[in-house]
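A short write-up of the structure that comes next.
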Amino acid sequence: CLDKPVITATQMMESMIHSTMATRAEVSDVANAVLDYSDAVMLSAESAIGDNPVAVVSAMSRICLVAEEDASIQTSGHRLDTHFSRIDESVAMAAMYMANHLDVTAVVALTESGNTPLWMSRIKTAMPIYGLTRNKTALGRMTLYRGVYPVEFDVTKHDRDSVNAMAEKVLIEQGAVKKGDIAILTKGDYHGVGGGANAIKVLKVGDVV
């Protein structure tokens, strides 16, 4: 695993440059890109010079949403036998294992660099991953990671005792979680330091202290 985001592109819905409907082969190509765990699918001429770019984007979106419901991409045995040299990477993998074996609503990563959500996104899951960071560059990068939702959150403005509750508050305000939900949160001891994730906490929303 190279831990790189993957975009599948080029002529994916080419017939819809002029047609109002995709071919069966094109639908299959888009769906298989999702099933093969691409981070993103991309249009080019279809949306740049096509007769109805909005219809093309809508059609591709519908295909992706249906493909994402397939059971084969909601669980993963990826990297179960891997030995990790980095603590933060092992924390990310452990959090995703828990998420796939517990009734969890969301996975939350307090991150400086965006690496923890990237590693998490390599694991097949139906679980949304929320990457909370103050870093503008990391926010931009995380928009590309599969299943990751970037959220602006400055961890350095909160002390250790309140950071969990403040992160929970932000996610409640965004409609990501509600009272009674279970969430898994990863973070580091030192706020604002990249590569420092070393802790996992299972939170019941509303009970955070």
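Just so it is clear, none of the values below were taken in a lab; they were calculated from the coordinates. Note that the structure is a prediction, hence the values are computed from the model and not measured. FYI the Cβ positions are ideal-geometry reconstructions off the backbone, even for glycines, and counts take in every protein chain you see.
Structure summary
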quantity: Fluctuation leader among Leu139, Leu35, Leu43 - the chain, Gaussian network, Cα springs under 10 angstrom; calculated: Leu43
quantity: When region 87-204 is reduced to its Cα atoms, the Kirkwood hydrodynamic radius in Å; calculated: 13.7 Å
quantity: Two-site FRET efficiency, Leu144 against Asn198, from Cβ-Cβ distance with R₀ of 22 Å, rounded to 0.05; calculated: 0.30
quantity: Over the chain: helical MRE at 222 nm, DSSP H runs n ≥ 4 each giving -39500 (n - 2.57), nearest 500; calculated: -9500 deg cm²/dmol
quantity: Cα extents of the chain along the three principal axes, largest first (Å); calculated: 58, 37, 31
quantity: Of the trypsin sites (Lys or Arg not before Pro) in region 103-209, those whose Cβ has at most 16 other Cβ within 10 Å and which sit in DSSP loop; calculated: Arg160, Lys178, Lys179
quantity: Spin-label pair Glu69/His101, simplified geometry with 7 Å Cα→Cβ offset, distance in nm; calculated: 2.9 nm
quantity: Dipole of the chain, positive direction: furthest Cα of Val6, Cys64, Ala197, with charges on the beta-carbon; calculated: Ala197
quantity: Which listed pairs, of Lys4/Lys201; Lys179/Lys201; Lys4/Lys179; Lys4/Lys204; Lys4/Lys178, have C-alpha distances above 23 Å, in listed order; calculated: Lys4/Lys201; Lys4/Lys179; Lys4/Lys204; Lys4/Lys178
quantity: Surrounding net charge for Ser38, when Lys and Arg each add one and Asp and Glu each subtract one, Cβ distance under 14 Å; calculated: -1
quantity: Magnitude of the charge dipole, the chain, Cβ model with Lys/Arg +1 and Asp/Glu -1, debye to 20; calculated: 420 debye
